[in-house]
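Reading through the structure tokens given below for one structure.
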2 protein chains.
Amino acid sequence: MFSDLEEKICTPDQLRPKPDNSALVFGKYFTDHMLEVSWDSKRGWAKPVISPMHNLQLHPGAKVLHYAIELFEGMKAYRGEDGCLRLFRPDKNMARMLSTAKRSSLPTFDAEEMIKCVKRLIQIDKEWVPYSTTSSLYIRPTFIATDPSLGVASPNEALLYVLLCPVGPYFTSGFKPISLMADPQYVRSWPGGCGAMKMGANYAPTIYIQKQSELLGHQQVLWLYGADHQLTEVGTMNIFLFMLNENGERELVTPPLDGLILPGVTRLSLLELAREWKEFRVVERTITMAEVIQAHEEKRLLEIFGAGTACVVCPVSSISYQGREYNIPRSEPSLSQRFLKTMSDIHYGRVQHPWAVDI
Amino acid sequence: MFSDLEEKICTPDQLRPKPDNSALVFGKYFTDHMLEVSWDSKRGWAKPVISPMHNLQLHPGAKVLHYAIELFEGMKAYRGEDGCLRLFRPDKNMARMLSTAKRSSLPTFDAEEMIKCVKRLIQIDKEWVPYSTTSSLYIRPTFIATDPSLGVASPNEALLYVLLCPVGPYFTSGFKPISLMADPQYVRSWPGGCGAMKMGANYAPTIYIQKQSELLGHQQVLWLYGADHQLTEVGTMNIFLFMLNENGERELVTPPLDGLILPGVTRLSLLELAREWKEFRVVERTITMAEVIQAHEEKRLLEIFGAGTACVVCPVSSISYQGREYNIPRSEPSLSQRFLKTMSDIHYGRVQHPWAVDI
């Protein structure tokens, strides 16, 4: 409970130097404090504690280190042009964290109390929120099973903790479009699996493939699924296609929440914005590489982009697939640019919006 | 390198009490010492160190805690009836560990040097190897990515460590047959994934399903794959079926190494033993639930059992599938019992065999 929160604040000599905004590599710098809440099956949740950033003491037999009983979330806080700090839709991230916790056999918790604790952590480290409208404070709630026992079984001890990282643009190339490798031999998730969960287990297997794509000169993997090569996700983002359908109507297409993809908060927000605009069709449906290629050949493809918390929106310049390189056009005016501007206006308080929550 | 091994041995007051053999729950007790070897991308492997069992100090941003970059192995040492300590086929476990490391973007190492270090660790903790021919010393090599950076990318820092646990029979029911839940809505692995790798990521998603099976009164999950409900693995074991084929010939069937299942060392050993015996057909092939049910109805099913390092051999008493409970017979003489006896004779030095390696 937030009312039980214990605060151990850094002494002045424990404070760390803050990096330049220009040096903000994603996830490399951490702020001065962290939040921890421990749990065990007998006593339930302990009091939340904010304390100086420190190493964790883990038994080498801790379940998280053997069976990957771990999950995380990613959300951001922004310093508005009006000087106010805002969180973006933290309720959505906490709801997803709870559903992942359930699937991971980790305990659930009170999302509202957790948001209050996270807000307090950000207040304490508020000077770490970049004074910049291209940077932000990335918030990483993490939840791990800590009991020291090698049985493959539900955990009896766990630790939920929250780290904060000042971050610049996710891709070092900034808003520059990225090139994708689409190779159906690699499959990220599958029906009956956990692809819709933000579990650590979904990430480890992707890193080797990501490296393969880099060796071939691409920046990210476009994950396909099934004999018909359905598009699912791109790297760690949801994917959007803006195109003319066969009737010549403009259509924003993104794969459905069928269990294969992560239900992204940015994905949801872009869909909600587009549906509010009512300027083009907005469709959640399965889309295959054959359809993409046909649309490409018929010059009906207007734009492809990824969407996620880390990058917000990231345009795609090309897809390498079955020995061919497909260059993806970029419509003018660019829809991804418009989304980015709309989201940024909300993030940085240029417009008032219920998604931006005061800290 | 083994020649660089540094040893920090417990002082007498650091030694832990050893549990009774009757109390040996799997993976609950750890010996006095552990082996650690750290790696970083600039300096490569550090010297291996054996030191008193201790907690790890991990940065809360360590990649293992977020993206499940972690893998493990499981092998055993046995105290022979002749008093000698033996390892069972450690070269096979180390080869699998290397292939998992590669797929996990973790560095490779010299398997023979690693086995020498593990042997030394066991020698130091040799009094922990149970004086029992139903118990053994479980060896848990573990390999985790430790660099404190939230980028989803190859690790630059890692730690390989080895824990030892005295263990009794894996299932508290001993060699008693177990009941299985086979529910095709849950899928453990899939083509294009990592089901053949001993990564932590393969285990976290199974725990919730295992709990579901327990709530329904079963002991383990029989993992199915595909529209035709192929049998893949049972719990954390490979699966074997001993049956009469449609020509009335006795046949030992186990699913093939098609990427969906773990290439078990016990699986390999049972196949090699059976092929040496030349008493019945030995077949690695896909087998579906429809075939199992047909064989069950035609009374051609002789025995089903799981095989793995933790349990060696574990007979199956029943399978719950699509609303029906199929009782699995047990042939007399029992093949699983024969396998267990043959393996135990090798493990405990009752026969000389090249698979049992002196420590």
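Derivation of every value follows stated rules applied to the coordinates shown; laboratory data play no part. All figures in this text were calculated on a predicted structure; none of them were measured in a lab. Glycine also receives a Cβ, built like all others from the backbone with ideal geometry; neighbour counts cover every protein chain displayed.
For this structure, a couple of remarks:
- Above-threshold pairs, the threshold being 29 Å between Cα atoms, out of A:Lys47/A:Lys102; A:Lys18/A:Lys42; A:Lys198/B:Lys211: A:Lys18/A:Lys42
- For chain A, built as a Gaussian network whose Cα springs stay under 10 Å, the top-fluctuating residue of A:Val265, A:Val316, A:Val292: A:Val292
- In the stretch B:1-158, Cα pairs under 8 Å separated by at least six residues give a relative contact order of 31 percent.
- Test item: B:65-77 mean partner chain Cβ contacts at 10 Å: 6
- Candidates A:Leu58, A:Leu137, A:Leu71: whichever shows maximal mean-square fluctuation once chain A is modelled as a Gaussian network with Cα springs under 10 Å: A:Leu58
- Sorted from longest to shortest, the spans of the Cα atoms of the stretch A:19-136 along the three principal axes equal 46, 29, 23 Å.
- Tail fraction, Cα-Cα pairs, chain B, threshold 38 Å, whole percent: 19 percent
- DSSP bridge analysis restricted to the protein assembly as shown gives an antiparallel fraction near 85%, rounded to the nearest 5.
- Three-way shape call for the stretch A:111-270 based on the alpha-carbon gyration tensor, with the a/c threshold at 1.5: oblate
- Grouping the Cα pair distances of the stretch A:67-204 into 5 Å bins from zero gives a pair-distance distribution of 2, 9, 16, 17, 16, 16, 12, 8, 4, 1, 0 percent in increasing distance order.
- Here the Gaussian network model covers chain B, with springs between Cα atoms less than 10 Å apart; of B:Thr134, B:Thr146, B:Thr100, B:Thr134 fluctuates the most.
- Taken residue by residue and averaged, Cβ atoms of other chains lying within 10 Å of the Cβ of A:206-212 number 5.
- Here's the picture: charge each Lys and Arg Cβ at +1 and each Asp and Glu Cβ at -1 in the protein assembly as shown, and of B:Ile239, A:Asn245, A:Gly61 the one pushed furthest to the positive end of that dipole is A:Gly61.
- Overall dimensions of the stretch B:138-231 by Cα: Rg and Dmax, Å: 17.1, 47
- Net charge of neighbours whose Cβ lies under 11 Å from the Cβ of B:Ala295, counting Lys and Arg as +1 and Asp and Glu as -1: -3
- Three-way shape label, the stretch B:186-246, alpha-carbon gyration tensor, a/c 1.5: oblate
- Relative counts (whole %) of C-alpha pair distances in the stretch B:178-343, using bins that are 5 Å wide: 2, 9, 19, 24, 22, 15, 8, 2, 0
- Residues whose amide H lies under 5 Å from that of B:Arg188, counting only those 5 or more places away or on a different chain, are B:Leu224; hydrogens are built 1.01 Å from N in the peptide plane.
- Residue-averaged beta-carbon neighbours from other chains (10 angstrom radius) around A:196-203: 5
- Taking the longest Cα principal axis of chain B as reference, the axis of helix B:204-215 is set at about 50 degrees.
- Dipole magnitude for chain A: about 180 debye, using +1 per Lys or Arg Cβ and -1 per Asp or Glu Cβ, origin at the Cα centre.
- About the Cα centre, charge dipole magnitude for the protein assembly as shown (Lys/Arg +1, Asp/Glu -1 at Cβ), debye: 380 debye
- Panel values: the stretch A:60-104, Kirkwood radius from alpha carbon pairs, Stokes-Einstein at 37 °C and 0.692 mPa s, translational diffusion coefficient 256 µm²/s.
- Cysteines in chain A lacking a second Cys C-beta under 4.7 Å: A:Cys10, A:Cys84, A:Cys117, A:Cys165, A:Cys194
- Placing +1 on each Lys and Arg Cβ and -1 on each Asp and Glu Cβ, with no other charges, gives the stretch B:178-343 a dipole about its Cα centre of roughly 380 debye.
- Within the stretch B:74-90, backbone nitrogen closer than 14 Å to the virtual label 7 Å beyond the Cα of B:Ser22 toward Cβ: none
- Efficiency of FRET from Cβ geometry, A:Asp40 and B:Thr11, R₀ 22 Å, rounded to 0.05: 0.10
- At 1.567 mPa s and 4 °C, Stokes D of the protein assembly as shown from Kirkwood alpha-carbon radius, µm² per second: 48 µm²/s
- Per residue of the protein assembly as shown, the DSSP helices (runs of n ≥ 4 H) give a summed -39500 (n - 2.57) that works out to -7000 deg cm²/dmol at 222 nm.
- Range of Cα positions in the stretch A:262-359 per principal axis (Å), largest first: 49, 27, 26
- Label positions at A:Gln322 and B:Glu81, each projected 7 Å from the Cα along the C-beta direction, are separated by 6.3 nm.
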